[in-house]
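The values are calculated or read from the model by the stated rules, or taken from the named source; none is laboratory data. The model shown is predicted, which means the values in this text are computed figures rather than measured ones. So basically every Cβ, Gly included, is an ideal-geometry build from the backbone, and we count neighbours across all protein chains shown.
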Amino acid sequence: MSAKIRKLMIQVEEVRQEADKDIVPPVRKAAAVAVIENPFAGRYVEDLTPLMDIGEELGDLLGRRAVAALDIQPAQAESYGKAALVGEAGELEHAAAILHPKLGKPLRLAVEKGAALVPSAKKRGGLGTPIDVPLGHKDAAFVRSHFDAMEVRIPDAPRANEILVAVVVTDSGRPLPRVGGLQVSEIEGKDGLR
């Protein structure tokens with residue numbers, strides 16, 4: 001089963017100043033968002049494999065779109081995250097089916113490597129409900145400078161029978177990080193932690 005996409009949205013956020021300090025180069029985040037039909041809205045279905053397959057399709061499409069929106073090479077992506085917002089006729093498990101079993105592999109290909117787990121969030125909501133997409137460094141979970149999030153919201157989504165699926169990619173960590181921890185220059189990228 002292929003995703004029935006009603007709407008795609010790409011959003012780029014660029015922070016140029018923080019705490020009266022210029023951020024050079026700017027910190028950039030790109031969200032690629034799809035609003036899709038939920039084929040299981042309003043009914044219980046035991047086998048959620050079709051949603052898992054849609055997750056794989058969207059991991060590729062949204063991952064590539066987010067990287068392209070930043071106008072960077074895949075290897076230049078530093079952090080990533082994913083989220084799904086299910087309309088009121090759906091279940092949280094529908095979001096989990098899209099996000100977890102298969103979305104990660106094509107997203108990792110889109111950002112070249114991705115040894116760390118992809119942070120994720122899921123919730124249910126109606127039109128215009130915001131969702132925060134959690135972020136972490138793509139190769140090392142212990143890089144505190146990359147613990148962040150990006151809010152995504154589409155005014156007319158999700159409808160009751162839809163799912164909003166978002167992937168966020170960044171080209172750097174937070175502006176002015178200073179809470180310690182593993183530095184980007186210290187990443188080994190072998191176990192997804194350090």
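Which residue out of Ala95, Ala69 is small (Gly, Ala, Ser) and surrounded by fewer than 18 Cβ atoms within 10 Å (Cβ to Cβ)? None of the others qualify; the one that does is Ala69.
Examine segment 49-61 for a residue that is polar (S, T, N, Q), within 22 Å of Pro134 (Cα to Cα) and surrounded by fewer than 21 Cβ atoms within 10 Å (Cβ to Cβ), and state whether such a residue exists. Spell out how you get there, then give the answer.
Looking only at segment 49-61, we keep the residues that are polar (S, T, N, Q), and these are 49.
Right, trim to within 22 Å of Pro134 (Cα to Cα) and you get none.
No, every residue in segment 49-61 fails to be polar (S, T, N, Q), within 22 Å of Pro134 (Cα to Cα) and surrounded by fewer than 21 Cβ atoms within 10 Å (Cβ to Cβ).
Can you pull out the residues in segment 25-60 that are within 19 Å of the chain's Cα centre (by Cα) and assigned to a helix (DSSP H, G or I)? Residues satisfying the conditions are Leu51, Met52, Asp53, Ile54, Gly55, Glu56, Glu57, Leu58, Gly59, Asp60. Taking the listed residues Arg159, Arg178, Arg174, the one that is out of contact with any helix residue (DSSP H, G or I) (no Cβ under 7 Å at 6 or more places or on another chain), closer than 30 Å to Gly125 by Cβ and either modelled with pLDDT under 95 or not hydroxyl-bearing (Ser, Thr, Tyr) (or both) is Arg159, with no other qualifying.
Selection of segment 1-47 for residues being surrounded by 14 or more Cβ atoms within 10 Å (Cβ to Cβ) and either among the aromatic types (Phe, Trp, Tyr) or in contact with a His (Cβ under 7 Å, 6 or more places away or on another chain) (or both) yields Asn38, Phe40.
Among the residues that make up segment 140-163, is at least one of them charged (D, E, K, R), buried (at least 19 other Cβ atoms within 10 Å of the Cβ) and out of contact with any strand residue (DSSP E or B) (no Cβ under 8 Å at 6 or more places or on another chain)? Looking for residues that are charged (D, E, K, R), buried (at least 19 other Cβ atoms within 10 Å of the Cβ) and out of contact with any strand residue (DSSP E or B) (no Cβ under 8 Å at 6 or more places or on another chain), one finds none in segment 140-163, hence no.
Taking Ala97 as the residue in question, decide whether it is out of contact with any Gly (no Cβ under 8 Å at 6 or more places or on another chain) and aliphatic (A, V, I, L, M).
Numbers: out of contact with any Gly (no Cβ under 8 Å at 6 or more places or on another chain): no; aliphatic (A, V, I, L, M): yes.
Criteria not met by Ala97.
Yes or no, residue by residue, for (1) closer than 20 Å to Thr170 by Cα; (2) part of a helix (DSSP H, G or I); (3) out of contact with any strand residue (DSSP E or B) (no Cβ under 9 Å at 6 or more places or on another chain):
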position	(1), (2), (3)
Arg6	no, no, no
Lys82	yes, no, no
Ala95	no, yes, no
Arg108	yes, yes, no
